[in-house]
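See structure below.
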Amino acid sequence: MKKISFHDQIARNKRNSFFLVIIVFIVLIVLGYAISFAFSPDYFFFIMILATIISLVYVMITFYNSDKIALASVKAKKADPVLHRELYHAVENMSLASGMPMPKIYIMPGAQINAFATGRNPEHGVICVTEGALNILNKQELEAVVGHEMAHIANYDIRFVTTVAIVVGAVSIFSQLFLRSLWFRGNRRSQGNALFFVIAIVLAILAPIIVKLVQLAISRKREFMADAGSVQFTRYPPGMINALKKIKADHEKLKVPTAVAPMFLSDTTKRKVAVLFQTHPPIDKRIKVLERM
């Protein structure tokens with residue numbers, strides 16, 4: 001089995017993530033052109049600006065309050081340096097290994113092994129782990145999980161995902177504005193090109209689905225990057241491998257709001273859906289990649 005470098009894995013997933021973001025932007029532009037030409041080309045920039053502003057305002061409010069929203073939604077409490085000494089040591093070690101500031105540390109209720117990171121940059125980083133992770137994982141496994149979350153912070157994943165969310169939101173707003181406008185047009189004759197009108201309707205229906213699938217693909221790529229980042233910080237692949245094996249064997253279900261579920265180390269719902277519709281890669285695939293490092 002050919003070995004792979006965690007540096008190569010991180011670089012590859014960064015390239016793939018960038019390529020997927022380009023696809024989302026292309027879908028946005030094509031949709032905007034089709035809709036504007038369906039009515040009148042003069043509307044293109046107006047539609048683009050309106051949809052972008054609406055999605056930008058909504059997402060940026062969420063972005064700057066992401067840590068507070070996420071922690072409140074899962075009822076997390078600040079970790080105690082004495083009671084949670086092992087967790088504090090793990091975070092300190094990974095902070096030194098990554099060269100990043102020490103993030104704030106929180107504990108959330110739940111018997112399932114899981115964790116998430118939030119914060120718009122390393123200076124505002126937050127790591128939250130479940131009680132189950134503290135009870136079940138050993139020292140090396142806990143450090144690996146913390147390293148995974150530190151990698152998310154180091155890669156500015158919250159900022160990256162926010163950028164994608166803005167564009168995806170703009171696509172959804174484009175589509176909704178156009179489809180709803182059809183109700184008010186009645187039998188009025190379109191001043192735009194009839195062919196563009198048909199294309200615009202098809203794109204308005206398909207574009208939100210396409211960009212959502214791309215958004216999920218980006219989320220999966222960022223998880224592979226964070227796994228590789230964990231190995232980079234710990235220099236011990238078995239730590240992350242064994243943690244994932246325990247997560248796979250863990251049958252507890254962690255109930256969290258859908259909006260924050262993609263932030264977690266692993267899928268929180270244990271639902272059986274096609275990989276295409278999952279926010280996280282299959283655990284077996286993640287393990288196989290790590291075993292080659």
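Summary table
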read-out: Any chance residue 8 is in contact with a Ser or Thr (Cβ under 8 Å, 6 or more places away or on another chain), assigned to a helix (DSSP H, G or I) and either hydrophobic (A, V, I, L, M, F, W, C) or at pLDDT below 90 (or both); value: no
read-out: Check on residue 207, assigned to a helix (DSSP H, G or I) and either charged (D, E, K, R) or at pLDDT 90 or above (or both); value: no
read-out: Out of 290, 265, 276, 254, sole residue that is under 23 Å from residue 98 (Cβ atoms), at pLDDT below 90 and not charged (D, E, K, R); value: 265
read-out: Search result, residues across segment 225-255 that are out of contact with any helix residue (DSSP H, G or I) (no Cβ under 6 Å at 6 or more places or on another chain) and buried (at least 22 other Cβ atoms within 10 Å of the Cβ); value: 247, 254
read-out: Within segment 56-174, strands (runs of 3 or more DSSP E) holding 1 or more residues that are farther than 29 Å from residue 210 by Cα, over 20 Å from the mean Cα position of the chain (by Cα) and without any contact (Cβ under 8 Å) to a residue 60 or more places away in the chain; value: 104-108
read-out: Pairs where the first residue, in segment 270-284, is assigned to a loop (DSSP other than H, G, I, E, B) and the second is modelled with pLDDT under 80, C-beta under 6 Å, 6+ apart; value: 270/253; 279/262; 280/267
read-out: Selection count, segment 112-170, where residues are aromatic (Phe, Trp, Tyr) and at pLDDT 90 or above; value: 1
read-out: Residues of segment 115-142 classified as more than 20 Å from residue 99 (Cα to Cα) and basic (Lys, Arg), total; value: 1
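The values are calculated or read from the model by the stated rules, or taken from the named source; none is laboratory data. Note that the coordinates shown come from a computational prediction; the quantities given were computed from them, not determined experimentally. Note: ideal-geometry Cβ built from the backbone for every residue, glycine included; neighbour counts use all protein chains shown.
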